[in-house]
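Engineer: Submitted below is the structure of interest, expressed as structure tokens.
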Amino acid sequence: MLQITQSDFETALRRCAREVEAELDAILTAIPQSGEIERPEKLLAAMRHGVLNGGKRLRPFLVLESSALFGAKRGAALRVAAALECIHCYSLVHDDLPAMDDDDLRRGQPTVHKAFDEATAILAGDSLLTLAFDIIADPATELPEDARLKLILALSRAAGIGGMAGGQALDLAAEQDAPDEAGIIRLQAMKTGALIRFGCEAGAIAGKASNADRERMAEFGSAIGLAFQLADDLLDLTSDAQTMGKATGKDQQAGKATLASLHGSDWARAQLRGLVKQAEDLLAPYGEAGNLLRAAARFVAERSS
Ligand code: IPE
Ligand code: IPE
Ligand code: MG
Ligand code: MG
Ligand code: MG
């Protein structure tokens, strides 16, 4: 089977970043859309700051590659990818607020509440969350209506109380509650896993794949989602702000137990290898067509920022 090198993967990831950023740049225009009255200048600038500020664009990549696997058109997939990135960026804008992690640095730049103000950062997050559903519902996302509706439902479930937002609530509570290992895995599957899982499932939905394929992709997403947060927690322990573009040592400072702090770095690295293997095995039925997604699984576990 043709091997994908890490450099092939990084080239594909950069291409995805360029394309999705062009899409987001066009969507975050000052021109009001039909049904809108005005787009306030400062709020738009804050949204743009929170979105067009770098970022690995891994979630959009997962949408594009899972879409390619199931034959969904790249143009439509790019819009779904942009929608998912809007939700991810909103989650970061709110995660950094003083009431949450209270961070000043994100993607190597001042966080939105530092560059603007807290109220504007809250509203920028609100507007990005709403915009995500606008993007998918818009007929400009050229997919059949039933596929768009299924995507909206799956993204709502991934982002809301039983997904990312609920996971963030459990994560904040974990600073006091000290959950056990199963509790940590569960909250991470929600706060981080759910959006990553949606990214992997999205292509199966957009490409009208079978339920079995959709479930397989969701399972792949769950495995790399867990690996993603495990790597983030490991990097929080072992890396620095210069490399990461965000503060490190935060979890310890907040008294937050993570799997990496509970079991140590060696355990975390071994666990990451196991999750990558599990994820790669899930893609076996797709043969070479799954190579870039397999490389994405390795990237998630081995990344250094
Ligand atoms: C950071 O996500 C938040 C977590 C879920 C750990 P990323 O590491 O994907 O952040 P960007 O988008 O590349 O900045
Ligand atoms: C945040 O987890 C996950 C989100 C839903 C935003 P973290 O709080 O660990 O993310 P970073 O380390 O600030 O990026
Ligand atoms: Mg947090
Ligand atoms: Mg944080
Ligand atoms: Mg973190």
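The values are calculated or read from the model by the stated rules, or taken from the named source; none is laboratory data. Just so it is clear, the structure is predicted and the values come from calculations on it, not from any experiment. No Cβ is skipped: glycine too gets one built from the backbone with ideal geometry, and neighbour counts run over all protein chains shown. Protein only, heavy atoms only, side chains kept; ligands, DNA and RNA dropped before computing areas. Shrake-Rupley method; radii C 1.70, N 1.55, O 1.52, S 1.80 Å.
Engineer: When you check residue 279 against the structure, is it more than 11 Å from ligand 5 (Cβ to nearest atom) and within 20 Å of the chain's Cα centre (by Cα), yes or no?
Structural biologist: For residue 279, the condition - more than 11 Å from ligand 5 (Cβ to nearest atom) and within 20 Å of the chain's Cα centre (by Cα) - is met.
Engineer: Check off (1) away from ligand 4 (no atom under 16 Å from the Cβ); (2) touching an Asp or Glu at 6+ places or on another chain (Cβ under 6 Å) for residue 254 and give me the number that stays unchecked.
Structural biologist: (1)
Engineer: Quickly run through the range 91-111 and pick out the residues that are within 16 Å of ligand 3 (Cβ to nearest atom) and part of a loop (DSSP other than H, G, I, E, B).
Structural biologist: Taking the range 91-111 and keeping what is within 16 Å of ligand 3 (Cβ to nearest atom), we get 91-107, 111.
Result: 96, 97, 98, 99, 100, 101, 102, 103, 104, 107, 111.
Engineer: Scanning the range 41-80 for residues that are within 16 Å of residue 217 (Cα to Cα) and under 11 Å from the mean Cα position of the chain (by Cα), which turns out farthest from ligand 1 (Cβ to nearest atom)?
Structural biologist: 63
Engineer: Can you name every residue in the range 183-208 that is outside any helix (DSSP H, G or I) and surrounded by fewer than 20 Cβ atoms within 10 Å (Cβ to Cβ)? Before you say what the answer is, go through the steps one by one.
Structural biologist: Taking the range 183-208 as the starting set, the residues that turn out to be outside any helix (DSSP H, G or I) are 207-208.
The answer is 208, and nothing else.
Engineer: Which count do you get for residues in the range 169-182 that are within 27 Å of residue 86 (Cβ to Cβ) and surrounded by fewer than 24 Cβ atoms within 10 Å (Cβ to Cβ)?
Structural biologist: Within the range 169-182, the first condition is being within 27 Å of residue 86 (Cβ to Cβ), and the residues that meet it are 169-174.
Still in the list and also surrounded by fewer than 24 Cβ atoms within 10 Å (Cβ to Cβ): 169-170, 172-174.
Count: 5.
Engineer: One residue is enough: does the range 101-120 have a residue meeting the conditions more than 16 Å from ligand 1 (Cβ to nearest atom), in contact with a Phe, Trp or Tyr (Cβ under 9 Å, 6 or more places away or on another chain) and of a type in the set (Gly, Ala, Ser)?
Structural biologist: No, every residue in the range 101-120 fails to be more than 16 Å from ligand 1 (Cβ to nearest atom), in contact with a Phe, Trp or Tyr (Cβ under 9 Å, 6 or more places away or on another chain) and of a type in the set (Gly, Ala, Ser).
Engineer: Could you tell me whether residue 156 is assigned to a helix (DSSP H, G or I), crowded, with 18+ Cβ neighbours inside 10 Å, of a type in the set (Ser, Thr, Tyr) and without any contact (Cβ under 8 Å) to a residue 40 or more places away in the chain?
Structural biologist: Details: assigned to a helix (DSSP H, G or I): yes; crowded, with 18+ Cβ neighbours inside 10 Å: no; of a type in the set (Ser, Thr, Tyr): yes; without any contact (Cβ under 8 Å) to a residue 40 or more places away in the chain: yes.
The answer is no for residue 156.
Engineer: Quick test of your reading of the structure: residue 248 fulfils all but one of (1) open to solvent by less than 50 Å² (accessible area, probe 1.4 Å); (2) outside any loop (DSSP other than H, G, I, E, B). Name the failing condition by number.
Structural biologist: (2)
Engineer: Here is a follow-up. If we scan the range 95-117, do we find a residue that is open to solvent by less than 50 Å² (accessible area, probe 1.4 Å) and closer than 22 Å to residue 222 by Cα?
Structural biologist: Checking the range 95-117: at least one residue is open to solvent by less than 50 Å² (accessible area, probe 1.4 Å) and closer than 22 Å to residue 222 by Cα.
Engineer: When the range 211-232 is examined, which residues are found to be among the polar types (S, T, N, Q) and away from ligand 1 (no atom under 16 Å from the Cβ)? Walk me through how you get there before you give the answer.
Structural biologist: Within the range 211-232, the subset among the polar types (S, T, N, Q) is 211, 222, 229.
Listed by number, the list holds a single entry, 211.
Engineer: Moving to a separate point now. Among 42, 114, which is the only one that is in a helix (DSSP H, G or I), basic (Lys, Arg) and within 16 Å of ligand 4 (Cβ to nearest atom)?
Structural biologist: On the way: 42 fails: within 16 Å of ligand 4 (Cβ to nearest atom).
None of the others qualify; the one that does is 114.
Engineer: How do the pairs read when you match residues in the range 217-242 that are within 15 Å of residue 263 (Cα to Cα) with residues anywhere that are open to solvent by less than 10 Å² (accessible area, probe 1.4 Å) and outside any helix (DSSP H, G or I), using Cβ under 6 Å and keeping only pairs 6 or more apart or on different chains?
Structural biologist: From the range 217-242, the pairs are 233/258.
Engineer: Further question on the same structure: Looking only at the range 224-234, which residues are out of contact with any Lys or Arg (no Cβ under 8 Å at 6 or more places or on another chain) and within 12 Å of ligand 5 (Cβ to nearest atom)?
Structural biologist: Applying the first criterion (out of contact with any Lys or Arg (no Cβ under 8 Å at 6 or more places or on another chain)) to the range 224-234 yields 224, 226-228, 230, 232-233.
Listed by number, the residues that qualify are 228, 230, 232, 233.
Engineer: While we're on this one: Of all residues in the range 1-40, which are within 21 Å of residue 132 (Cβ to Cβ), within 16 Å of ligand 1 (Cβ to nearest atom) and out of contact with any Leu (no Cβ under 9 Å at 6 or more places or on another chain)?
Structural biologist: Scanning the range 1-40 gives 17, 18.
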